[in-house]
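Encoded as structure tokens, the structure appears first; notes follow it.
The values are calculated or read from the model by the stated rules, or taken from the named source; none is laboratory data. The shown structure was predicted, so the numbers you read here are calculated from the model rather than taken from an experiment. A quick note on method: Cβ atoms are made from the backbone with ideal geometry, for glycine too, and the neighbour counts reach across all protein chains shown.
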Amino acid sequence: MVEILPPAIILLVGAGLIALTRGYLRDAVVLLAPLATIWAVWQIPDGVTLTMSFIGYQIEPIEGSAVRRLFALIFSMMAFVGGIYALRQATRLELSAAFAYAAGAIGVAFAGDLITLFIFWEVMAIFSTVILWCGGTDSSARAGMRYATMHVLGGVILMLGIAGTAVQTGSIDIRAMRAEDFSTWMILIGLLINAAAPPVSAWLADAYPEATPTGTVFLSAFTTKTSVLALILLFPGEPILIGIGIYMIFYGIVYALLENDARRILAYSIVNQVGFMVCAIGIGTELALNGAAAHAFAHIVYKALLFMSAGVVLYRTGKRKCTDLGGLFRTMPLSCICGIVGALSISSFPLTSGFTTKTLISEAVIFEGLAVIYFLLAAASAGVFLHAGIKFPWFVFFQKDSGLRPKDAPWNMALAMLLFAGLCILLGVYPQPLYALLPYPLEYDSYVPGKVVFYLQLLLFSGLAFFLLLPAMRRTLTITLDFDWFWRIGFIRLSNKILGISAQGGKILSRGVDFFLGVFRGWLERLLGLNGVFARSWPIGATAIWSAVLLSTYVMIYYI
Amino acid sequence: MAISDKPNHWLVRPRTIRRLWIVFGMVLVLTVVLQQIAPVKGYFGVDGWFGFGALFGFFACLAMVLIAKVLGWFLKRGERFYDG
């Protein structure tokens, strides 16, 4: 008997209704379905509340815990505010797919076993690809195909690990594990592919900017953050994650610095921010996991806000390259201010949500005495301000006068931005409600005067570095090569080469066969042909001799 | 609208920009001086030094921009690289 309405199902039904309804009725569904989902998330108690039987395994579609509710809460809040943002601009298909995608993320958040996790994981992969294809351009179609391929591959690897674990241990429970054998490694790799970990980080910045202004807002929120949650549940304290996280942090910064596409800059900074979370999960202490969860929560809000701001610019101007933009603050003050709030938050500026959540991770690093990691994270914090905090608003809204005078955001987009900008500041000023939702009890005050001074120095002087180094950061009409070169060009060339070689080999082989067939045929013709040995007429004498020879041979053999 | 459409928005006038730089400079100095009043706790020794955050932030950014620049020489390609 189902006593609780599964939140993911509510949102999935909402997604279906969006596809079927029109006008105000559809608007009502867009607004009410996420609210109902938030309510349902709130009702999920700790522990397993729903079990079913599936291919001989007991599956647990709903298991509650503090961290699961926290992620499901922010996923449904994202669906709500994203729905407002996309209310008038997104197509029915896109909005419906976005809600189904969010439902997949919520399903993963409450999955009590690996099979349920996998099913919702694939729901997310399918509907996020649909969102990408809603971009409607050639490049979004191609990027969608690359994205789908990557996620199907990730899904297969994950399935391999799940099946292996199920066979080896007889259990499909979601519990903390270590990557120590083939199956657990496959699970870890499957999860990390969705987190945009190396060497496949490129899928994220390749795909997300190709979606519509509204589509990217949804895409930015779910895939990588469900992966963060799955890592928190399955691999807390896995040491390799620290190194992977650090790589992602600096990869994001360097590639964002080289990038010209405003939305791709933000996409790279997702990898950067998820790197902080992955690193914290690798540390794995209660404080670090609190930090990862809190940072994921805050990150979804400010990253969506940044993509909303960039989305309004794209929606109004049709442009997304820094070289084409600039000076938009004149006519888009609201988008500009909301973009700046998002940018300050991602840079963990005091009084924003980034400060009250990211410093938790630094605190965890200090507690563990990891000096090198601490200084790398501090450098990365400065780098975030450099590559996203100033670079994004500066190149889009200030920089030079591009001559563009677009209108500011439509009312619904403006409302969505104001809601999330308000939340960024609220969580920065008063983070206690968020702290209360974290998986472990937390006594923490981020506003120690010395710490605030340290971060202000760090950030403001990186601001100085930005303006002094501006000539070195002139935008160019370029893209930057990444590991995706291998699957966009390298592997294709390699497979062509292999096909070429095998075709060549085939030719040589068939020539060889032809040659031997020719020899055999000549021999047969000599023997059996019209003028062959057996077809010729022989004199009686010769025949008699041959008969005598055969007969005597036969007799001799018989005698022996 | 009418005001913001003027070619010389007050925010981009050279005088404003000069003033902004002066204010920014003063804020920078202030954040370093503030360390005297609100001492930064050094968890690993050097991070408690006077002005460490400022220098570290500045030089970390310098290093990252330079690394990005050098990588850019090798990795940057024309926008239509993958289209051809």
Would region A:449-460 turn up any residue that is surrounded by 18 or more Cβ atoms within 10 Å (Cβ to Cβ), among the charged types (D, E, K, R) and either within 23 Å of A:Ile253 (Cβ to Cβ) or within 11 Å of chain B (Cβ to nearest Cβ) (or both)?
yes
Could you tell me whether region A:43-56 includes any residue that is assigned to a helix (DSSP H, G or I), over 22 Å from A:Thr223 (Cα atoms) and either touching a helix residue (DSSP H, G or I) at 6+ places or on another chain (Cβ under 7 Å) or touching a residue at least 24 places away in the same chain (Cβ under 8 Å) (or both)?
yes
Take the residues in region A:371-413 that are among the small types (Gly, Ala, Ser) and facing chain B (nearest Cβ under 9 Å); name whichever of them is farthest from B:Leu55 (Cα to Cα).
A:Ala371
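Condition check ((1) among the small types (Gly, Ala, Ser); (2) closer than 30 Å to A:Asp324 by Cβ; (3) away from every other protein chain (no Cβ under 14 Å)) across all residues:
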residue	(1), (2), (3)
A:Arg493	no, no, no
A:Phe516	no, no, yes
A:Ser537	yes, no, yes
A:Gly541	yes, no, yes
Just checking, which of A:Ala90, A:Ala109 is assigned to a helix (DSSP H, G or I) and buried (at least 24 other Cβ atoms within 10 Å of the Cβ)?
A:Ala109
Determine whether region A:294-309 contains at least one residue that is more than 23 Å from A:Gly422 (Cα to Cα), out of contact with any strand residue (DSSP E or B) (no Cβ under 8 Å at 6 or more places or on another chain) and not hydrophobic (A, V, I, L, M, F, W, C).
no
Which ranges mark the helices (runs of 4 or more DSSP H) fully within region A:334-416 that have 3 or more residues being of a type in the set (Phe, Trp, Tyr)?
A:391-397
Per the filter on region A:317-328, residues buried (at least 21 other Cβ atoms within 10 Å of the Cβ) and assigned to a helix (DSSP H, G or I) are A:Cys322, A:Leu328
One residue from A:Ala293, A:Ala304 being closer than 22 Å to A:Ser362 by Cα, touching a helix residue (DSSP H, G or I) at 6+ places or on another chain (Cβ under 6 Å) and away from chain B (no Cβ under 14 Å)
A:Ala293
Verdict on A:Ala343 being surrounded by 23 or more Cβ atoms within 10 Å (Cβ to Cβ), farther than 21 Å from B:Met64 by Cβ and either under 22 Å from the mean Cα position of the chain (by Cα) or among the hydrophobic types (A, V, I, L, M, F, W, C) (or both)
no
If A:Leu437 passes every condition in (1) out of contact with any helix residue (DSSP H, G or I) (no Cβ under 8 Å at 6 or more places or on another chain); (2) touching a residue at least 24 places away in the same chain (Cβ under 8 Å); (3) among the hydrophobic types (A, V, I, L, M, F, W, C) but one, which one does it miss?
(1)
If you check A:Leu499, A:Leu527, which single one turns out to be more than 14 Å from chain B (Cβ to nearest Cβ) and over 41 Å from the mean Cα position of the chain (by Cα)?
A:Leu527
Of A:Ala90, A:Ala15, A:Ala33, which residue is under 28 Å from A:Leu132 (Cβ atoms), under 23 Å from the mean Cα position of the chain (by Cα) and modelled with pLDDT of 95 or more?
A:Ala15
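Condition check ((1) assigned to a loop (DSSP other than H, G, I, E, B); (2) at negative phi; (3) at the interface with chain A (Cβ under 7 Å from one of its Cβ atoms); (4) at pLDDT 85 or above) across all residues:
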site	(1), (2), (3), (4)
B:Ala2	yes, yes, no, no
B:Val23	no, yes, no, yes
B:Leu28	no, yes, yes, yes
B:Val32	no, yes, yes, yes
B:Ala63	no, yes, no, yes
B:Ile67	no, yes, yes, yes
B:Gly84	yes, yes, no, no
Answer with yes or no whether B:Phe74 is over 19 Å from A:Gln457 (Cβ atoms), facing chain A (nearest Cβ under 9 Å) and either more than 16 Å from the chain's Cα centre (by Cα) or part of a helix (DSSP H, G or I) (or both).
yes
For region A:252-270, enumerate the residues that are more than 15 Å from the chain's Cα centre (by Cα) and either on the phi > 0 side of the Ramachandran plot or within 14 Å of chain B (Cβ to nearest Cβ) (or both).
A:Ile253, A:Val254, A:Tyr255, A:Ala256, A:Leu257, A:Leu258, A:Glu259, A:Asn260, A:Asp261, A:Ile265
If you go through region A:421-467, how many residues are of a type in the set (Ser, Thr, Tyr) and not in a loop (DSSP other than H, G, I, E, B)?
3
Subset of region A:473-517 [among the aliphatic types (A, V, I, L, M) and in contact with a helix residue (DSSP H, G or I) (Cβ under 8 Å, 6 or more places away or on another chain)]
A:Met473, A:Leu477, A:Leu481
Restricting to region A:522-560, name every residue that is assigned to a helix (DSSP H, G or I) and either surrounded by fewer than 10 Cβ atoms within 10 Å (Cβ to Cβ) or touching a His at 6+ places or on another chain (Cβ under 8 Å) (or both).
A:Ile540, A:Gly541, A:Ala542, A:Met556, A:Ile557, A:Tyr558, A:Tyr559
Just give me the residues in region B:43-61 being more than 7 Å from every other protein chain (Cβ to nearest Cβ), free of Cβ contacts under 8 Å to residues at least 12 places away in the same chain and either of a type in the set (Val, Ile, Thr) or within 12 Å of A:Phe375 (Cα to Cα) (or both), in sequence order.
B:Gly45, B:Val46, B:Asp47
Would you point out the residue of region A:461-490, among those that are at pLDDT 85 or above and touching a strand residue (DSSP E or B) at 6+ places or on another chain (Cβ under 8 Å), that is surrounded by the most Cβ atoms within 10 Å (Cβ to Cβ)?
A:Thr480
In region A:93-116, which residue that is farther than 25 Å from A:Leu231 by Cβ and of a type in the set (Gly, Ala, Ser) is farthest from the chain's Cα centre (by Cα)?
A:Ser96
When you scan region B:39-50, do you find a residue that is exposed (fewer than 15 other Cβ atoms within 10 Å of the Cβ), at positive phi and part of a loop (DSSP other than H, G, I, E, B), even just one?
yes
Looking for whichever is closer than 17 Å to A:Gly463 by Cβ and either of a type in the set (Gly, Ala, Ser) or touching a Lys or Arg at 6+ places or on another chain (Cβ under 8 Å) (or both) here; the options are A:Ala364, A:Ala378, A:Ala371. Which one fits?
A:Ala378
Filter pass, A:Glu60 being outside any helix (DSSP H, G or I) and on the phi < 0 side of the Ramachandran plot:
yes
